[in-house]
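Worksheet: one structure, shown below.
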């Protein structure tokens, strides 16, 4: 397979990865990763012709943008995780006498023993 054909294959895989990322389909992303890695490895083994240069430059640009997109998604997931960890929810919420939502009790992190 020529370098240009392999570059087109990688471009197609990157598009699938982008769509899976936009949908939040992390299982599909996990399954696609080995295929993308194998395709990139195969491309490294091919000696490109002069005519392959535009396709190779295009896929290089796509891969760079994809890396930025994946990095931004990972940063977003980390921020969401930190937000969820920082704000523990009460065990139960109800309403006070004025009709406002109020926490009733807190979940206790350990077992309390009473005699």
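The values are calculated or read from the model by the stated rules, or taken from the named source; none is laboratory data. Predicted model, so just to flag it, every value in this text is computed and none were measured. Cβ placement follows ideal geometry from the backbone for every residue including glycine, while neighbour counts extend to all protein chains displayed.
Here are the numbers for the structure shown:
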read-out: Filter result for the condition that a residue is closer than 29 Å to residue 80 by Cα and either loosely packed, with under 14 Cβ neighbours inside 10 Å or touching a helix residue (DSSP H, G or I) at 6+ places or on another chain (Cβ under 6 Å) (or both), over 56, 14; value: 14
read-out: Scan of segment 31-53 for residues that are exposed (fewer than 13 other Cβ atoms within 10 Å of the Cβ) and within 13 Å of residue 13 (Cα to Cα), ordered by number; value: 31, 33, 34, 37, 38
read-out: Filter result (loosely packed, with under 10 Cβ neighbours inside 10 Å and at pLDDT 75 or above) within segment 69-95; value: 83, 85, 86
read-out: Filter result for residue 109 (in a loop (DSSP other than H, G, I, E, B) and at pLDDT below 95); value: yes
read-out: Residue match in segment 41-61 (condition: without any contact (Cβ under 8 Å) to a residue 40 or more places away in the chain and within 19 Å of the chain's Cα centre (by Cα)); value: no
read-out: Yes/no for residue 36 being farther than 30 Å from residue 104 by Cα and touching a residue at least 40 places away in the same chain (Cβ under 8 Å); value: no
